[in-house]
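Accompanying notes for the structure given below.
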Amino acid sequence: MKNSNSGGEVKVLAQHICMSVFKARRVIDQIRGRSYEETLMILELMPYRASYPILKLVYSAAANANHNMGLNEADSFISKAEVNGGPFVKKLRPRARGRSYSIKRPTCHITIVLKEKSKKNLDSSKI
């Protein structure tokens with residue numbers, strides 16, 4: 001996982017996750033724009049296999065925000081979440097008569113940006 005942070009936001013990137021881009025996007029679309037606690041509840045209750053690496057990534061982003069920048073986890077939300085395609089893992093499976101059959105396992109890169117809710121956004125949402 002690669003981490004970088006600038007100005008109140010924490011960006012976490014997980015590369016070469018062995019899963020299809022479409023399966024990961026199905027989960028990422030559910031958490032985009034939600035608060036940190038709501039995201040954790042959604043990911044823990046989702047029945048998909050893709051939710052576990054995304055949950056680990058969100059935990060890591062929150063821990064980095066807390067440790068490196070001193071941001072409060074309760075006041076943060078997922079500002080940006082995207083899934084991009086990675087390289088295919090290519091394997092050969094032996095078949096009958098000495099032939100081989102290629103297997104292509106897709107991988108993906110998951111990027112999550114955690115931002116702190118500003119005071120202006122909190123005051124305007126209460127009105």
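The values are calculated or read from the model by the stated rules, or taken from the named source; none is laboratory data. Note that the coordinates shown come from a computational prediction; the quantities given were computed from them, not determined experimentally. Here Cβ is always computed from backbone atoms with ideal geometry, including for glycine, and neighbour counts include all displayed protein chains. These area figures cover heavy atoms from the full protein model, side chains too; ligands, DNA and RNA do not enter into them. Shrake-Rupley method; radii C 1.70, N 1.55, O 1.52, S 1.80 Å.
For the pair LYS56 and ALA96, what calculated FRET efficiency results from E = 1/(1 + (r/R0)^6), where r is the Cβ-Cβ distance and R0 = 25 Å, to the nearest 0.05? Walk me through the numbers on the way to the answer.
Working: r = 41 Å, r/R0 = 1.63.
The value I calculate is 0.05.
First measure r as the distance between the Cβ atoms of GLU82 and ARG105, then evaluate 1/(1 + (r/R0)^6) with R0 = 22 Å and state the FRET efficiency to the nearest 0.05.
Between GLU82 and ARG105 the formula returns 0.55.
If you average the C-alpha positions of region 15-79 and of region 85-104 separately, how far apart do those two centres end up, in angstrom?
So the two Cα centres are separated by 32 Å.
Helix-only estimate, please: 222 nm mean residue ellipticity of the chain, summing -39500 (n - 2.57) across DSSP H runs of length 4 or more and dividing by its residues, to the nearest 500.
The helix-only estimate for the chain comes to -11500 deg cm²/dmol at 222 nm.
Over region 10-116, average the accessible area per residue using a 1.4 Å probe and give it in Å², no decimals.
I get 60 Å² per residue for region 10-116.
Counting Lys and Arg as +1 and Asp and Glu as -1, each charge on the Cβ, what is the dipole of region 10-116 about the Cα centre in debye, to the nearest 20?
Result for region 10-116 is approximately 1360 debye, rounded to the nearest 20.
Of the accessible area of the chain, with the probe set at 1.4 angstrom, what percent is carbon plus sulfur?
50
Order these peptides, 38-49, 73-84, by their mean beta-carbon neighbour count within 10 angstrom, highest first.
So the peptides 38-49, 73-84, ranked by packing, come out 73-84, 38-49.
Kirkwood hydrodynamic radius, computed over distinct alpha-carbon pairs, for region 3-113: how many Å, to one decimal?
15.2
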